[in-house]
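J.: What follows is a structure written as structure tokens; I'll ask about it next.
The values are calculated or read from the model by the stated rules, or taken from the named source; none is laboratory data. Every value quoted in this text rests on a predicted model; they were computed, and no experiment measured them. Positions of Cβ are generated from backbone atoms using ideal geometry, with glycine treated the same way; all protein chains shown enter the neighbour counts. What goes into the accessible areas is simple: the full protein's heavy atoms, side chains included, and nothing from ligands, DNA or RNA. Shrake-Rupley method; radii C 1.70, N 1.55, O 1.52, S 1.80 Å.
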Amino acid sequence: MDSLKDRTKPIVIAGGGIGGLAMALALAKRGYPSLVLEQAPEFKEVGAGIQLGPNSWRALRALGAEPAVKTLAVLPRALVMNDAVTAEHVVSVPLEGFEQRFGAPYALIHRADLLDALLATAKASPLIALETSRQVTAFADNGSAVRITTAEGRSYEAPALIGADGLWSTVRGQLLGDGKPRVSGHITYRSVLPAHEVPEDLRRWDMVLWAGPKCHMVHYPLRGGEVFNLVAVFHSNRYEEGWNSYGDPAELHERFKDTCAPVKTMLGKIAEWRMWVLCDREPAKNWSKGRVTLLGDAAHPMLQYLAQGAGMAMEDALCLARCLDEADSVEAAFQAYPLKRYLRTGRVQLSARVYGEFYHADGVRREIRNEYVKGIGYGGLAWLYDHEVD
């Protein structure tokens, strides 16, 4: 009997972020025990807001986390795009029909709130064990089990290892050895602003994007409207490895100097920003070997322009858990899983790049973009939001 089929030894998941906890929940729903190893001293998300399309919401529902998330999420009225130079209103996509059309809403939530909801759901499961301050540094797959070691000197033996350790995945480095992620040349600054500091005419219950030449800004409400999430993205040659460093307001304002008054007003409200360098990878057809596989950003990192990083990770989790149920062995399940996912995740990776250039268009391209998006309806979003994995 395959060592996984007796379901007594926990599968080890490296990484306790959104993807790692989603994987643990997906396994638990099918009766598999798991152990989540998080390198930080606590389970914690760095960042601000996150958008959850209907496919992401349905994944949360399948994972059993919808009740915990629902109390924390904001359901906006519309997806709005404005021109960041002229302040022209380009298009609004109303969201009141999303539930009926796609079977789930479009939601906005703080990353920390989403992680807390997944964590609370995981803690309620007797099949999920959680450990912090456990940084996976190496593994050895002997064909019947995986030996996992951590920076703290701990070792674990498991029937399988799932690397959910993000863009700079240590598990991927050993498994595939394909080098560093691709630097996009785009920088993102994130911050949150108390709602009372947002000008009244901009304090909308919408997800608002201001598209400009080689830059854009997004703002939307979080936590019941108590705060607003602000994201500013621009092209830059600056590069700092990692995800969480302080931004330079002077550089930010220089990049947005030609934008309209509402954009400058919002950016001027923030004194301190967190900065991330946006990176991705070329789509890959396989990210599994033997009893080790990858999930989410470790497998297929993508730029943020379709707001699908968390959604793809949760879809991965549901798909992988199902593959384990359907296969005769861990190796067979891990071989089947990327084949079920790579065309979808690859399409999202490449589409996100296109949308990044689309948002940042200038000149005639900008005018064509504005005319094009006016005709976008629910049909143009179906390929992304109709997908079912469980």
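J.: Might you check whether a residue that is within 17 Å of GLY163 (Cβ to Cβ), modelled with pLDDT of 95 or more, within 17 Å of the chain's Cα centre (by Cα) and not hydroxyl-bearing (Ser, Thr, Tyr) occurs anywhere in region 44-56?
T.: no
J.: Now for a separate question. Given the residues PRO213, PRO199, PRO262, PRO181, which is the only one that is touching a residue at least 60 places away in the same chain (Cβ under 8 Å), under 30 Å from PRO338 (Cβ atoms) and not hydrophobic (A, V, I, L, M, F, W, C)?
T.: Residue meeting the stated conditions: PRO181.
J.: For the subset of region 356-390 comprising residues that are over 27 Å from GLY185 (Cα atoms) and of a type in the set (Ser, Thr, Tyr), which member is farthest from the chain's Cα centre (by Cα)?
T.: TYR378
J.: Now for a different question. Any residue that is part of a loop (DSSP other than H, G, I, E, B), touching an Asp or Glu at 6+ places or on another chain (Cβ under 8 Å) and surrounded by 15 or more Cβ atoms within 10 Å (Cβ to Cβ) - is there at least one of those in region 102-124?
T.: yes
J.: For region 307-320, which residues satisfy the criterion of being open to solvent by less than 20 Å² (accessible area, probe 1.4 Å) and of a type outside the set (S, T, N, Q)?
T.: Those that are open to solvent by less than 20 Å² (accessible area, probe 1.4 Å) and of a type outside the set (S, T, N, Q): ALA310, GLY311, MET312, ALA313, MET314, GLU315, ASP316, ALA317, LEU318, CYS319, LEU320.
J.: Next up: If we keep just the residues of region 285-302 that are open to solvent by 10 Å² or more (accessible area, probe 1.4 Å) and under 18 Å from the mean Cα position of the chain (by Cα), which is farthest from GLY20 (Cα to Cα)?
T.: In this case the residue turns out to be MET302.
J.: Can you pull out every residue in region 68-81 that is farther than 11 Å from MET207 by Cα and open to solvent by 10 Å² or more (accessible area, probe 1.4 Å)?
T.: ALA68, LYS70, THR71, LEU72, ALA73
J.: Which one is farthest from LEU303 (Cα to Cα) among residues in region 335-346 that are without any contact (Cβ under 8 Å) to a residue 40 or more places away in the chain and surrounded by fewer than 18 Cβ atoms within 10 Å (Cβ to Cβ)?
T.: My answer is LYS340.
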